[in-house]
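Participant: Supplied in structure tokens, the structure appears directly below.
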Amino acid sequence: MRVYNSFIAVLALSFAAITVVMAAYKADKLDTYYSAYTIALLVLVSLYMYFSPKARRALGAVSLLAFAGFGMIVVFKVAEIL
Amino acid sequence: MTKSPYFCLGLVLSLSGAILAPIFYYVLDSVPLAALAISSIMLGVVSAMLANARPEVSPEASRMMLQTGVEHLASLLEELGLNSKAIYMPSPANGGRARALVPLNENGSLPQKGQHLPNRLIARYGPKPEDICLIVTTPGTVSLASLSISPGGGSDQIEGALNQILIGMMDLADSVTVHVLGNGIIVEVAKPKLRYDNVWFHRCLGSPIASIAATVVSEALNLPVRIASEEEATKGVRIVIEVLDESLQ
């Protein structure tokens with residue numbers, strides 16, 4: 001399945017690029033990295049719109065899970081500020 | 001599922017990420033490496049989830065079955081000596097599948113828009129005595145079952161549906177672009193895995209990819225269509241689908 005391979009390869013490259021760029025900018029918080037990964041995942045899931053309905057449902061579940069983690073980070077940050 | 005390479009990859013990535021993340025964070029005190037391990041977990045989960053989404057029948061097996069069906073239909077067409085190009089009809093308004101009709105006489109009448117095709121192999125479709133055709137189910141008919149295409153959709157809808165079928169579901173090509181040109185629809189398929197051969201079946205119904213494209217176009221426009229030509233292009237195949245407007249008159 002070339003489209004699956006391409007998705008996984010592009011996602012891996014994006015994660016690697018994000019890590020390198022953020023490390024170069026001396027980002028030292030894990031939640032910053034995680035937020036960037038989540039955004040990359042959501043963007044790629046939106047771009048790869050030609051998956052089968054089953055694959056889109058599966059990726060939707062992963063995106064939801066990643067977004068829930070991102071939401072928790074935001075909640076903790078807001079709690080910290082307050 | 002466990003035999004799927006995607007699942008194995010997902011398991012390896014997730015486990016190694018889960019083991020390495022605390023080591024990188026607490027022992028090596030390296031946030032970027034710990035982040036990389038977390039990204040490996042995410043990648044692993046994505047890969048494992050995609051393993052579930054893979055079709056139960058492999059693309060190779062599907063292609064083999066498609067080939068068998070095509071050969072059976074080709075024998076029938078050859079035995080009957082049908083040379084005329086198939087007309088792809090949209091699915092009827094009252095339900096049922098989209099099918100193609102192969103007229104016995106190439107210069108016969110054209111079917112009308114919304115014409116009901118009887119559920120038979122050989123049927124009459126026009127007023128003239130020679131308006132007799134063979135009604136067949138095409139590869140596109142079956143692939144349409146899992147998609148919802150609303151009649152009246154434009155080229156964007158056709159392109160989206162074709163990309164979903166040919167790339168997402170069947171893995172038969174790299175990309176599909178659709179243009180509207182006058183009375184025709186041009187479908188460009190990049191790196192197709194099934195090509196046009198000068199065999200009886202392809203001369204009548206087009207290659208399997210062209211057949212799928214014609215079925216989708218017919219369904220989206222809610223009009224009968226015919227494959228006008230199929231030619232090799234620089235990036236792949238260029239399929240010209242003729243919309244049979246005369247049927248509206």
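Participant: I need to check one value: relative contact order of segment B:5-53, counting alpha carbon pairs closer than 8 Å and at least 6 residues apart, in percent.
Facilitator: Once normalised by length, the contact order is 54 percent.
Participant: Taking trypsin sites (Lys or Arg not before Pro) that fall in a DSSP loop and have at most 12 other Cβ atoms within 10 Å as cut points, what is the longest piece of chain B between them?
Facilitator: Excluding the exposed sites themselves, the longest stretch runs over B:121-249.
Participant: To two decimal places, what compactness ratio does segment B:5-53 give when its Cα radius of gyration is scaled by 2.2 N^0.38 Å?
Facilitator: Normalised Cα radius of gyration, segment B:5-53: 1.18.
Participant: Sticking with this structure for a sec: Within segment A:7-77, list the trypsin sites (Lys or Arg not before Pro) lying in a DSSP loop whose Cβ has at most 11 other Cβ atoms in a 10 Å radius.
Facilitator: Here the sparse-neighbourhood loop sites are A:K26.
Participant: Given the options B:L80, B:L205, B:L15, which has the most mean-square fluctuation in a GNM of chain B, springs set between C-alpha atoms less than 10 angstrom apart?
Facilitator: Highest fluctuation of the listed residues: B:L15.
Participant: Can you classify chain A as rounded, prolate or oblate using the Cα gyration tensor, where a ≥ b ≥ c are the square roots of its eigenvalues, rounded means a/c under 1.5, and otherwise it's prolate if a/b beats b/c and oblate if not?
Facilitator: Taking the square roots of the gyration eigenvalues as a ≥ b ≥ c, chain A is oblate.
Participant: Let me ask another. Counting only other residues whose beta carbon sits under 14 Å from that of B:V142, what net charge do I get with K and R as +1, D and E as -1?
Facilitator: Around B:V142, the surrounding residues sum to +2.
Participant: Let me ask something additional. Before rounding to the nearest 500, sum -39500 (n - 2.57) across all DSSP H runs of length at least 4 in chain B and divide by the residue total; then give [θ] at 222 nm in deg cm²/dmol.
Facilitator: After summing the helix terms and dividing by the residues of chain B, the value is -12500 deg cm²/dmol.
Participant: For a bin width of 10 Å, list the pair-distance distribution of chain B built from all Cα-Cα distances, rounded to whole %.
Facilitator: Going out from 0 Å in 10 Å bins, chain B shows 7, 27, 28, 16, 10, 7, 4, 1, 0 percent.
Participant: Given the options B:P92, B:P32, B:P111, which has the most mean-square fluctuation in a GNM of chain B, springs set between C-alpha atoms less than 10 angstrom apart?
Facilitator: Of B:P92, B:P32, B:P111, the Gaussian network model singles out B:P32 as fluctuating most.
Participant: Something else now. Between the alpha-carbon centers of segment A:20-82 and segment B:65-106, tell me the distance in whole angstrom.
Facilitator: Between the Cα centres of segment A:20-82 and segment B:65-106 lies a distance of 48 Å.
Participant: Related question: By the scheme Lys and Arg +1, Asp and Glu -1, what is the net charge of all other residues having a beta-carbon under 14 Å from that of A:V74?
Facilitator: Computed value for this residue: 0.
Participant: Further, regarding this structure: Over 26 Å, how big is the tail of the calculated P(r) for the protein assembly as shown, in percent of all Cα pairs?
Facilitator: The calculated P(r) of the protein assembly as shown puts 56 percent of pairs beyond 26 Å.
Participant: Can you check what the net charge comes to around B:L82, using other residues whose Cβ is under 12 Å from the Cβ of B:L82 (Lys, Arg +1; Asp, Glu -1)?
Facilitator: Once positives and negatives cancel, what remains is -1.
Participant: Using a Gaussian network for chain B with springs between C-alpha atoms less than 10 Å apart, which of these wobbles most: B:S40, B:S175, B:S84?
Facilitator: B:S40
Participant: When a/c reaches 1.5 or more, the comparison of a/b and b/c decides; with that in mind, is segment B:45-130 rounded, prolate or oblate per its Cα gyration tensor?
Facilitator: Note, shape of segment B:45-130 comes out oblate.
Participant: While we're looking at this one, here's another question. Using a basic spin-label model with each label point 7 Å from the Cα along Cα→Cβ, how many nm lie between B:K191 and B:V142?
Facilitator: 2.5
Participant: So how far, in whole Å, is the C-alpha centre of segment B:1-48 from the one of segment B:152-217?
Facilitator: Cα centroid to Cα centroid, the span is 39 Å.
Coordinate-derived values only; no laboratory data. All values reported here derive from a predicted model rather than from experimental measurement. Don't worry about glycine lacking a Cβ; one is built from the backbone with ideal geometry, like all the others, and counts go over all protein chains shown.
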